[in-house]
Amino acid sequence: MQEAQGFKKLILGVQMLFVAFGALVLVPLLTGLDPSIALFTAGIGTLIFQVITKNTVPVFLASSFAFIAPIQYSIKNFGYGETFGALAFAGLSYILFSFLAKQGGVKAIEKYLPPIVTGPVIMVIGLTLAPVAVNMAKSFDGSGNLDQKAVIISAVSLITAILVVTYGKKLFSLIPILTGIVAGYLLSLVMGVVSFDPIANASWFALPWVEAAKSGSFEFPIFDLAAILYILPVAIAPAIEHVGDVLAISSATGKDYLKQPGLHRTLLGDGIATSAAGLLGGPPNTTYSEVTGAVALTKAFNPVYMRIAAVTAIILAFFGKLGAVLKTIPVPVMGGIMILLFGMIAAIGVGSLVRAKVDMSHPRNLVIASVVLVTGIGNLTLSVGDFALGGIGLAGVIGVVLNLILPKEK
């Protein structure tokens with residue numbers, strides 16, 4: 001009987017990783033990071049979160065979409081080492097949010113990060129990436145040069161994901177990204193556009209950092225001030241998303257995790273996990289709403305399932321062939337998924353304004369939203385010597401400042 005129960009726990013735990021897998025590996029594949037390292041850091045991050053929250057919250061942490069554009073820009077302009085150092089610092093910013101939450105709860109955070117600030121910032125994250133998604137959807141090298149095969153492949157990936165989101169039942173409805181990738185990959189195999197060289201050259205078992213260093217996608221963290229100040233403000237959006245996810249999992253389980261173990265602990269766990277990921281060469285971590293949906297669907301409220309998923313992710317990180325398979329996914333497959341994904345991110349930003357009933361006829365709200373959107377999407381950059389702050393980070397800072405100095409509605 002105990003063996004049967006143990007096997008059931010193992011299956012449910014692995015199932016949680018399966019739900020998160022598509023989104024987990026998508027971020028490193030889009031940003032040029034190593035997917036195997038991302039698996040490892042997701043596992044380690046989840047275990048860190050579980051320890052800090054006293055093993056009470058059934059949450060799985062994995063790659064954050066909010067950091068995709070900043071990571072791409074930072075790698076291009078600063079380098080891999082500087083980017084990893086900046087991501088580690090971004091995680092430490094959660095300590096501030098944790099302190100605010102401990103002092104005054106959710107209201108203390110909303111004082112500085114209300115929906116009128118976070119909504120437009122989330123919209124900027126999605127809309128900034130729109131040109132990248134379109135270029136990847138219509139070409140095999142991401143250049144945007146039209147290729148009919150690429151368009152067909154990306155369309156199949158996109159349509160499959162849409163159908164799963166719209167008509168999928170039970171657990172199947174929670175993996176639209178994974179099913180879209182699988183459908184696009186299978187079509188790519190039929191069309192003969194998949195190269196198997198990475199798989200043939202990969203070892204069955206390997207240290208992901210060694211392989212990533214060979215390909216140039218891993219360097220030891222370097223703490224560069226310009227990169228840190230560029231990445232740091234981006235943490236605003238996932239911090240607010242974290243609060244929403246904790247409320248969602250509280251609703252699913254019937255337990256108030258804002259009180260026990262406390263929002264300050266969940267924020268701190270998320271932040272330390274993100275810092276660890278940056279130091280180890282992975283993308284920042286965040287709570288996954290897909291896993292929350294799976295918890296609600298399967299009634300798997302025991303946090304042990306998340307620890308099983310975390311350990312499974314760590315083990316898979318050392319399977320060199322798996323990482324190589326992920327690297328063979330053609331660009332248009334990712335492009336098709338990105339069109340849906342980044343549009344959904346922007347729509348979530350709009351949705352946060354609607355749910356909070358923000359009055360957009362009020363001049364104050366119009367000013368904040370307008371300035372955040374234009375500075376963020378237009379990639380406005382302020383430079384003083386070697387220091388530069390721009391894009392999403394600058395938009396977030398401007399939103400916070402305008403919210404504090406503009407007179408509030410009577």
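Name the residues in segment 352-367 that are among the small types (Gly, Ala, Ser) and touching a residue at least 12 places away in the same chain (Cβ under 8 Å), would you?
The initial filter retains those residues of segment 352-367 that are among the small types (Gly, Ala, Ser), namely 352, 356, 361.
Matches in segment 352-367: Ser352, Ala356.
May I ask you to say which residue of Ala101, Ala90, Ala23 is buried (at least 21 other Cβ atoms within 10 Å of the Cβ), modelled with pLDDT under 95 and touching an Asp or Glu at 6+ places or on another chain (Cβ under 7 Å)?
Working: Ala101 fails: touching an Asp or Glu at 6+ places or on another chain (Cβ under 7 Å); Ala90 fails: touching an Asp or Glu at 6+ places or on another chain (Cβ under 7 Å).
Residue meeting the stated conditions: Ala23.
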Every residue from segment 309-319 that is in a helix (DSSP H, G or I) and surrounded by fewer than 21 Cβ atoms within 10 Å (Cβ to Cβ): Val311, Thr312, Ile314, Ile315, Leu316
Failed item, numbered, when Ile116 is tested on (1) under 25 Å from Gly22 (Cα atoms); (2) more than 19 Å from the chain's Cα centre (by Cα); (3) crowded, with 22+ Cβ neighbours inside 10 Å: (1)
Test result for Thr292, touching a Pro at 6+ places or on another chain (Cβ under 7 Å), closer than 30 Å to Ala133 by Cα and among the hydroxyl-bearing types (Ser, Thr, Tyr): no
Tabulated pairs, segment 87-102, first without any contact (Cβ under 8 Å) to a residue 40 or more places away in the chain and in a helix (DSSP H, G or I), second surrounded by fewer than 22 Cβ atoms within 10 Å (Cβ to Cβ) and not acidic (Asp, Glu), C-beta under 9 angstrom, 6+ apart or interchain: Leu100/Ala108; Leu100/Lys111; Leu100/Tyr112; Leu100/His264
Output for segment 65-86, where each listed residue is touching a Phe, Trp or Tyr at 6+ places or on another chain (Cβ under 8 Å) and not in a helix (DSSP H, G or I): Phe78
Residue in segment 124-137 that is in a loop (DSSP other than H, G, I, E, B), over 26 Å from Gly269 (Cα atoms), free of Cβ contacts under 8 Å to residues at least 12 places away in the same chain and not aromatic (Phe, Trp, Tyr) present: no
Matching option when the condition is crowded, with 24+ Cβ neighbours inside 10 Å and outside any helix (DSSP H, G or I), among Ala62, Ala42: Ala62
Tabulated pairs, segment 326-342, first in contact (Cβ under 8 Å) with a residue 12 or more places away in the chain and part of a helix (DSSP H, G or I), second surrounded by fewer than 23 Cβ atoms within 10 Å (Cβ to Cβ) and among the acidic types (Asp, Glu), C-beta under 9 angstrom, 6+ apart or interchain: Val331/Asp141; Pro332/Asp147
Residue match in segment 292-311 (condition: polar (S, T, N, Q) and within 15 Å of the chain's Cα centre (by Cα)): yes
Top-ranked residue of segment 249-271 - restricted to ones that are hydrophobic (A, V, I, L, M, F, W, C) and crowded, with 21+ Cβ neighbours inside 10 Å, ranked as farthest from the chain's Cα centre (by Cα): Leu263
Boolean, Glu82 is modelled with pLDDT of 90 or more and acidic (Asp, Glu): yes
Pick from segment 183-193, criterion in a helix (DSSP H, G or I) and in contact (Cβ under 8 Å) with a residue 12 or more places away in the chain, ranking: farthest from Val27 (Cα to Cα): Met191
Any hit, segment 169-181, residues being modelled with pLDDT under 90, over 30 Å from Thr118 (Cα atoms) and not in a helix (DSSP H, G or I): yes
Tally, over segment 277-306, of residues that are modelled with pLDDT of 85 or more, in a helix (DSSP H, G or I) and surrounded by 19 or more Cβ atoms within 10 Å (Cβ to Cβ): 5
Any hit, segment 212-230, residues being under 30 Å from Gly105 (Cβ atoms), in a helix (DSSP H, G or I) and in contact with a Leu (Cβ under 8 Å, 6 or more places away or on another chain): yes
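The values are calculated or read from the model by the stated rules, or taken from the named source; none is laboratory data. This one's a predicted model, so the numbers in the text were calculated from it and none came from an experiment. All Cβ positions, glycine included, derive from the backbone under ideal geometry; neighbour counts span all protein chains shown.
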